[in-house]
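Bear in mind these aren't lab numbers, they're just calculated from the coordinates by the rules spelled out. Computed from a predicted model, the values in this text were never measured in an experiment. Neighbour counts are summed over all protein chains in view; Cβ atoms, including those assigned to glycine, are modelled from backbone coordinates with ideal geometry.
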Amino acid sequence: KAGVTQTPRYLIKTRGQQVTLSCSPISGHRSVSWYQQTPGQGLQFLFEYFSETQRNKGNFPGRFSGRQFSNSRSEMNVSTLELGDSALYLCASSLVDRASEAFFGQGTRLTVV
Amino acid sequence: SQKIEQNSEALNIQEGKTATLTCNYTNYSPAYLQWYRQDPGRGPVFLLLIRENEKEKRKERLKVTFDTTLKQSLFHITASQPADSATYLCALDIRSSGDKLTFGTGTRLAVRP
């Protein structure tokens, strides 16, 4: 069974630009969550999608948005990039039950210059 | 405020010894707690899940305890090996915030030969 796939793996963007990251969950998993990881803050929850609906949202500004498609693939978008957005963005998929384990992708390393 | 605390200092131990990592939380009533391993530049990998009505769980050389009175989980690796060197994260569901999985900042374990 293929794991969670995130693309691209690495990205360099300039301040003010926008970026779209993609996540393909494990086949059969309908829940996709996004996290931002930085050395100082650790893993911070961004949002969770289930059946194309945002089910949960973390404390991030509106510049961070996401969506989920009917095939469960998900994208997250960050507009008007700031230097502080440089981080590892991780996507995790899981089965319907929130008590089940989360399967993470390799992440997308975003650098804003 | 809600907090998940893991020892931010690295834990250095000798190969063959038992490593014990701590996860403390405040102001939560999690239904379950999970432990993950993360290697540099990679996404976290699920290790164990323990529910609020379970005191202890084992998997091979791993053991997790969950004390809801002390609001603490202990993660043990017995007969540790250099390959166990990684960062270990605990994660809790936060029912008051819509069941999102919230992570601690992790503890880095270094096992020396």
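Laid out as a table, the results:
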read-out: Translational D in µm²/s for segment A:66-113 (Stokes-Einstein at 4 °C, 1.567 mPa s, Kirkwood Rh from C-alpha pairs); value: 103 µm²/s
read-out: Shape metrics for segment B:49-110, restricted to C-alpha atoms - Rg then Dmax, Å; value: 13.0, 39
read-out: Exposed-loop-free span, longest in chain B, where trypsin sites (Lys or Arg not before Pro) count as exposed if DSSP calls them loop and at most 14 other C-beta atoms lie within 10 Å; value: B:62-113
read-out: In the protein assembly as shown, lysine pairs closer than 24 Å at Cα, eight or more apart or cross-chain; value: 20
read-out: Percent RCO, i.e. relative contact order, over segment A:18-113, from Cα pairs under 8 Å lying at least 6 residues apart; value: 32 percent
read-out: Whole-number percent relative contact order across chain B, with pairs defined as alpha carbons under 8 Å at least 6 apart; value: 36 percent
read-out: For chain B: Kirkwood Rh in Å [reciprocal of mean 1/r, alpha carbons]; value: 14.2 Å
read-out: For A:SER86, residues with placed amide H under 5 Å, excluding near neighbours; value: A:VAL112
read-out: Cα gyration tensor of chain A - equivalent ellipsoid semi-axes, whole Å, descending; value: 23, 14, 13
read-out: Inter-label distance for A:GLU82 and B:ASN53, nm, one decimal - labels placed 7 Å from Cα along Cα-to-Cβ; value: 4.5 nm
read-out: In order through segment A:77-89: 3J(HN,Hα) via Karplus (6.51 cos²θ - 1.76 cosθ + 1.60), integer Hz, x for Gly, Pro; value: 10, 10, 9, 6, 4, 10, 4, x, 7, 4, 5, 9, 9
read-out: Qualifying GluC sites (Glu not before Pro) for segment B:1-42 [loop in DSSP, other Cβ within 10 Å: at most 15]; value: B:GLU9, B:GLU15
read-out: Sites A:THR7 and A:GLN54 - FRET efficiency at Förster radius 25 Å, r taken between beta-carbons, to 0.05; value: 0.70
read-out: Local electrostatic count at B:GLU15 - Lys and Arg +1, Asp and Glu -1, tallied over other residues with Cβ under 15 Å; value: +2
